[in-house]
Amino acid sequence: MNIYDVIKQPVITEKSMAALEEGKYTFEVDSRAHKLLIKQAVETAFEGVKVAAIKTVNVKPKAKRVGRYTGFTAKTKKAIITLTADSKAIELFAAPEAD
């Protein structure tokens, strides 16, 4: 598994946006990734970032219906990453530079 394939996308919810003030970032990660691999991927992908702690959550699939057809959503894995106090912040919403 490539180190850049570990982090899929940031999780944008009210709860995750409130946690940004505490230096906690939530990302959807590959389901096969473990904590050490997630730490290496974050520190490699974002310059000047130091990870203090990682909590992982396996999100189970939910049953969904469309008419008479039933199915399940995809299972995912989330990582809640806590940065150290002297670490740089991760820019989730970078504004485009004006020319």
Original post:
Considering only residues of region 64-78 that are closer than 23 Å to LYS8 by Cα and either free of Cβ contacts under 8 Å to residues at least 24 places away in the same chain or small (Gly, Ala, Ser) (or both), which is least open to solvent (accessible area, probe 1.4 Å)?
Top reply: THR73
Subject >> strands (runs of 3 or more DSSP E) wholly inside region 1-66 that include at least 2 residues being under 13 Å from ILE81 (Cβ atoms) >> reply: 7-10, 24-29, 51-59
Original post:
Can you tell me which residue in region 1-34 is most open to solvent (accessible area, probe 1.4 Å), limited to those that are under 12 Å from the mean Cα position of the chain (by Cα) and among the basic types (Lys, Arg)?
Top reply: LYS8
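The values are calculated or read from the model by the stated rules, or taken from the named source; none is laboratory data. From a predicted model like this one, the values you see are computed outputs, not experimental measurements. Using ideal geometry, Cβ is built from the backbone for each residue, glycine included, and neighbour counts are taken over all protein chains shown. Please note that ligands, DNA and RNA were not included when accessible areas were found on the heavy atoms of the full protein model with its side chains. Shrake-Rupley method; radii C 1.70, N 1.55, O 1.52, S 1.80 Å.
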